[in-house]
Amino acid sequence: MTVTPKRLRAPEDLTVLRQSLVDRTDDRKPRIAVCGDTGCAVCGSLGLASSFKEIIERRGLKDRVGLKVTGCLGFCEQGPVVLVFPGEIFYRKVGPGDVEEIIDRTVLGGELVERLLYRDPITGQKLPRCSDLPFYKNQTRVLLEGNWRIDPNDIYDYIARGGYSAVAKALYEMTPEDVISEVKEARLRGRGGAGFPTGLKWEICRKTKGDTKYVVCNADEGDPGAFMDRSLLEGNPHSVLEGMIIAGIGIGARHGVIYVRAEYPTAVVKIRNAIEQASELGLLGENILGSDFSFDVTISKGAGAFVCGEETALLLSAEGKVGEPRQKPPFPAEKGYKGKPTVINNVETFANVPLIIKNGAAEYRRVGTEKSGGTKIFCLVGKVNNTGLVEVPLGITLREIIFGIGGGIKNGKRFKAVQTGGPSGGCLPEQMLDLKVDFEELSRAGSIMGSGGMIVMDEDTCVVDIARYFLQFLKSESCGKCFSCREGINRMLEIVEGIAAGEGSPEDLDLLEELACAVKDASMCGLGQTSANPVLSTLRYFRDEYLAHVELKKCPAAVCRALIRFQIDENLCTGCGICRKECPAEAIEGERRKPHTIDPNRCMKCGVCMEVCKFGAITKS
Amino acid sequence: MVNMLLNGLQVSVDEGMTVLEAAKFFGINIPTLCYNEGLTPYGACRLCLVEIGEPGRSKLVTSCTYPVGEGLIVRTHSERVVKTRKLLIELYLATCPSSKVIQDLASEHHVTRVRFRPRDEKCILCGLCVRMCAEQMQGKAIGFARRGVDRKVTTPFDRKSEECRLCGGCMYICPACQARCQGPREEKPICNACLNLSQPCLDYFDDAMCFMDPCVACELNSGRTPKSERRNNP
Amino acid sequence: MLQDDAEGGGGVALKDLDDILSESIRRNGESLVAVLQDIQEHYNYLPERALRSLSRKTGVPLIDIYRVATFYNSFSLVPRGKHQIVVCAGTTCHVRGASKVTEEISRVLGIGPGQVSADGNFSLDTVNCLGCCAFAPVMVVDGEYHGNLTPAKTRKILTSLKAKWLLPAGEADERGLVDDGDAEETEGA
């Protein structure tokens, strides 16, 4: 939309602007939304968007057809994803060759392009509308709703949908105390992992004396397999900014800092743009909406350190120092950014705030559990059919998420475990699938909510290998200050590697458990304290598999290299020679058109042969 | 003054003290490796762990960095503390067996076995030298670099530092390299040689009750060779 | 052109160092991380000479700068390769076989993660998560994403890219590095 930016000097200005935007919007006008999130961009959605643009312009349809490059639409598995409005028609795996046809047949002609529709794997039915897809149908999309409709580069899109009205309300209809008590009443809890009540955190900070206070947004989403925060920042950056402004009103801060991790360059661009646009309209900066409240936001870029997700480390890193956690107390609410009282919340937490203020706590709490209100976004990834970003009410079961929304396990394999909470979380087995997902239940089961990564594993995943992977990760990501964390993780890894190599003994399992408990107890920050979770939870639920490694010297999932063997089935081998050609260790021998053999001494168990064999003649055991 | 419960005793201490200082004041011995009165508390060695809070909702914190507070409940030698501390000492022994300081700690805390693969690290990254250099010597010649297992104390770019005045403060304060113990080898991380030098009970109080129960030295040296001979055959 | 006194730095003189530092310090104030990011962006790595100069300019002890420079993953004290290959080592990628992909890349390029090839043409790094889990395993070559990799597919992509890169004669480095010595000599690895 093209509107000349004009500074908004009163809440009424915002209302007038919104009304004029709404009046100008024609819901019947066909619109195309192309997912421009990094995920879809991997498979070429940006090229797709530009060919849409080019064709629309070339054919002079610019006034008749709207085009938006949006943030993550959620269903990454099917990317690149294109939505056509009206009708919310969902096209999957769209290629540049499909563009012309979509415009001709769907946008202009109003018919469906059958082959681009999603097909329900169970019923075999083709489902045209988003809301019919099981993946979307079973979600409660409140925060992510914006990602569908909003061009993240356009503040007017956000305002047209009621954006920044929560700021106006907080400034003109509420006292700062009201703002805080509303957030408390909503039972909003920190979405970064620990689940500390957000309102309480704000209240403590408000009560702390000090003339300068800060609002810091933690966008250092370091958990591998989690991209909720990135999707919000890239898809709906203004909702995060609005949440930060409201936090500023609540605690009496006039400066905000967003700390973004180095691996998210696109997010930085989107927020920078959002800040500029909001400042132009007077929604950031001096005297917001004509009030006496001023608030600005700066961006601080991370430089690649997982430990900086820990709040005290993050604050130091945002100041440009070494991101090494420090002992709490004092808590950031008392002594935080630059030594001043600071509220630090996660991206998703801030994105929830405008909803609470706009609709009221009671409305907000209609979703969620008694102790924690609202929805939570998860990244459902791994060996699950429907990979993507899902938003669900707190209190839903793991089964509903993985099977209801996720569509079950890939390739008809068996579910084995789900890992929640990133490297510091735990692996939960099949018998825990009916666990209700909230902060307390997950931690009782030995895992954590974390920021919302949910990695599904099937029978081909070895839990010892998973424990090893996470320890390896934490070993290099620990800051290394606490001896218990640095050396403890190192030694846990040493033991687990021994087990994976077939050199472990049953006593090792006890030692591992004892050590894990000590590391959990003795380390200072969240990273160290939770670093034992992958080990403890796998030991708790999959001890049999560990025992198979140490007693039988077998890896049931056939993953641990020292314990597996690759073989060629001579009945199936046609002697085509492709495995021999591809084997990097030159371990495969055989004459053309005759069954080949693998030399176990030279085989490095990389699995390339198995992957290239077209006849399924290579097996591992 | 603030009132707190220290090992079940109601005590009053000055505000601004750390738990470690308070415990010391009341004669309670808490082991430390990275602590030194003249330097900023650092909290890295984790040996000075104490348990704070109500039972059931308690947690372990390092007493050297934790401030005293009104109504704080502290237990310095609870089962949980002792168990964790012993495991940490065992880890230290496995990692840096040639430090006399660590060997002594092991003896004092009855750590009689090492279940981890012994390694011979020269540094335990307690940071005493770094703080000594910066705070007492105003040197800023050495510091930490990298992170995780790669963390180390070094000079900029690992080369001879222009800031270093060769004062030796870092070497003086190092618990890992000063009074390096010659006894232990990698394959046998507990040597007891240090212990034997400082244990009077074996030679002079043969029949008296040892203050260490069970005494590591007595257990392992049941032959009880006279001290003079032991010196020749460490 | 700033020609510092003899103090290492691999014999590489740095164009515009003074201006870059002054400008960056003015813009970023006390934030060491931000200044280092600027330096790295300009030179593609953190030259020792630049860090020494920064220390003198700001009065921040060199060891503190060195510490920040070695703490964070994204800083490098040695020049990165002309072509940068980054493999995602996130959990999803791991579960879907990223380690095999990394091994395959190492075999094709002859370098391990964190290394730069001897001719300075490629460097290989792993990152924790790129957030493209639906297309795991993923690698990024010079900013271009490649998803759903298998070792065989990786080999194919890299072999063709490698052939393309090595064809034209190496053009003069445009990043401001004037090589007046042996570039391989740079220390601080």
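The values are calculated or read from the model by the stated rules, or taken from the named source; none is laboratory data. Nothing here was measured: the structure is a model prediction, and the numbers come from that model. In this analysis, Cβ positions are derived from the backbone assuming ideal geometry, glycine residues included, and neighbour counts consider all displayed protein chains.
Worth a mention:
- Check on A:GLY290, away from every other protein chain (no Cβ under 14 Å) and either over 21 Å from C:VAL60 (Cβ atoms) or not small (Gly, Ala, Ser) (or both): yes
- Residues of the stretch A:256-277 classified as under 18 Å from A:THR4 (Cβ atoms) and either in contact with a strand residue (DSSP E or B) (Cβ under 8 Å, 6 or more places away or on another chain) or of a type in the set (Ser, Thr, Tyr) (or both), total: 0
- Evaluation of A:ILE499 against (1) over 29 Å from the mean Cα position of the chain (by Cα); (2) within 14 Å of chain B (Cβ to nearest Cβ); (3) outside any helix (DSSP H, G or I); (4) crowded, with 19+ Cβ neighbours inside 10 Å (one fails), failing number: (3)
- Of all the criteria given as (1) at pLDDT 95 or above; (2) out of contact with any His (no Cβ under 8 Å at 6 or more places or on another chain), the one not satisfied by A:THR298 is (2).
- Residue match in the stretch A:425-442 (condition: surrounded by fewer than 23 Cβ atoms within 10 Å (Cβ to Cβ), within 14 Å of chain B (Cβ to nearest Cβ), free of Cβ contacts under 8 Å to residues at least 40 places away in the same chain and of a type outside the set (Lys, Arg)): no
- In a residue-by-residue description of the stretch A:202-212, the property of being crowded, with 23+ Cβ neighbours inside 10 Å and in contact with a strand residue (DSSP E or B) (Cβ under 9 Å, 6 or more places away or on another chain) applies to at least one position.
- Within the stretch C:24-52, the only residue that satisfies the criterion of being in contact with a Pro (Cβ under 9 Å, 6 or more places away or on another chain) and among the polar types (S, T, N, Q) is C:ASN44.
- Residue in the stretch A:357-372 that is within 14 Å of chain C (Cβ to nearest Cβ) and not small (Gly, Ala, Ser) present: no
- Of residues in the stretch C:25-34 being touching a Gly at 6+ places or on another chain (Cβ under 7 Å) and of a type in the set (Gly, Ala, Ser), the one nearest to the other protein chains (Cβ to nearest Cβ): C:SER31
- The residues in the stretch A:93-152 that are closer than 16 Å to A:ASN385 by Cβ, within 23 Å of the chain's Cα centre (by Cα) and surrounded by 14 or more Cβ atoms within 10 Å (Cβ to Cβ) can be counted, and the count is 7.
- Considering only residues in the stretch A:384-408 that are of a type in the set (D, E, K, R) and more than 16 Å from the chain's Cα centre (by Cα), the one that is farthest from A:GLY374 (Cα to Cα) turns out to be A:ARG399.
- Exactly one residue out of A:ARG191, A:ARG187 is part of a loop (DSSP other than H, G, I, E, B) and over 25 Å from A:GLU319 (Cα atoms): that is A:ARG187.
- Taking the numbered list (1) within 30 Å of B:GLU163 (Cβ to Cβ); (2) surrounded by fewer than 22 Cβ atoms within 10 Å (Cβ to Cβ) in turn, B:VAL82 passes all entries but (1).
- When B:SER98, B:SER161, B:SER107 are screened for being without any contact (Cβ under 8 Å) to a residue 60 or more places away in the chain, surrounded by 19 or more Cβ atoms within 10 Å (Cβ to Cβ) and among the polar types (S, T, N, Q), only B:SER161 passes.
- Residues that are in a loop (DSSP other than H, G, I, E, B), within 14 Å of chain A (Cβ to nearest Cβ) and within 12 Å of the chain's Cα centre (by Cα) were ranked within the stretch C:35-84; the one that is nearest to C:ILE25 (Cα to Cα) is C:LEU46.
- The one condition in (1) crowded, with 19+ Cβ neighbours inside 10 Å; (2) in a helix (DSSP H, G or I) that A:LYS581 fails to fulfil: (1)
- Restricting A:GLU310, A:GLU391 to residues that are among the acidic types (Asp, Glu), away from chain C (no Cβ under 12 Å) and in contact with a helix residue (DSSP H, G or I) (Cβ under 6 Å, 6 or more places away or on another chain) narrows the list to A:GLU310.
- Residues located in the stretch A:545-569, provided they are free of Cβ contacts under 8 Å to residues at least 40 places away in the same chain and more than 36 Å from the chain's Cα centre (by Cα): A:LEU552
- Qualifying strands (runs of 3 or more DSSP E) (wholly inside the stretch C:92-158; at least 2 residues being under 29 Å from A:ARG92 (Cα atoms) and facing chain A (nearest Cβ under 9 Å)): C:144-146
- Residue in the stretch A:24-38 that is closer than 25 Å to A:CYS72 by Cβ and in a helix (DSSP H, G or I) present: yes
- Top-ranked residue in the stretch A:331-353 [being over 26 Å from the mean Cα position of the chain (by Cα) and assigned to a helix (DSSP H, G or I); ranked as nearest to A:LEU200 (Cα to Cα)]: A:GLY339
- Taken over the stretch A:564-574, the criterion of being buried (at least 17 other Cβ atoms within 10 Å of the Cβ) and away from every other protein chain (no Cβ under 14 Å) is satisfied by A:ILE568, A:CYS573.
- Selection status of A:VAL268, without any contact (Cβ under 8 Å) to a residue 60 or more places away in the chain and either of a type outside the set (D, E, K, R) or assigned to a loop (DSSP other than H, G, I, E, B) (or both): yes
- Filtered by the rule that a residue be within 18 Å of B:LEU33 (Cα to Cα), modelled with pLDDT of 85 or more and out of contact with any strand residue (DSSP E or B) (no Cβ under 9 Å at 6 or more places or on another chain), the stretch B:137-173 gives a lone residue, B:ILE173.
- Candidates are the residues of the stretch A:275-319 that are among the β-branched types (Val, Ile, Thr) and in contact (Cβ under 8 Å) with a residue 40 or more places away in the chain; the one that is surrounded by the fewest Cβ atoms within 10 Å (Cβ to Cβ) is A:THR298.
Let's see how each residue does on (1) among the basic types (Lys, Arg); (2) within 11 Å of chain A (Cβ to nearest Cβ); (3) touching a Ser or Thr at 6+ places or on another chain (Cβ under 9 Å); (4) not in a loop (DSSP other than H, G, I, E, B):
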{"residue": "B:THR65", "(1), (2), (3), (4)": "no, yes, yes, no"}
{"residue": "B:VAL82", "(1), (2), (3), (4)": "no, no, no, yes"}
{"residue": "B:GLU90", "(1), (2), (3), (4)": "no, yes, no, yes"}
{"residue": "B:SER107", "(1), (2), (3), (4)": "no, no, yes, yes"}
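- In the stretch A:213-244, of all residues being assigned to a strand (DSSP E or B) and of a type in the set (A, V, I, L, M, F, W, C), the one that is nearest to the other protein chains (Cβ to nearest Cβ) corresponds to A:ALA219.
- Meets criteria (at pLDDT 95 or above, in contact with a strand residue (DSSP E or B) (Cβ under 8 Å, 6 or more places away or on another chain) and farther than 30 Å from A:PHE196 by Cα) for A:PHE566: no
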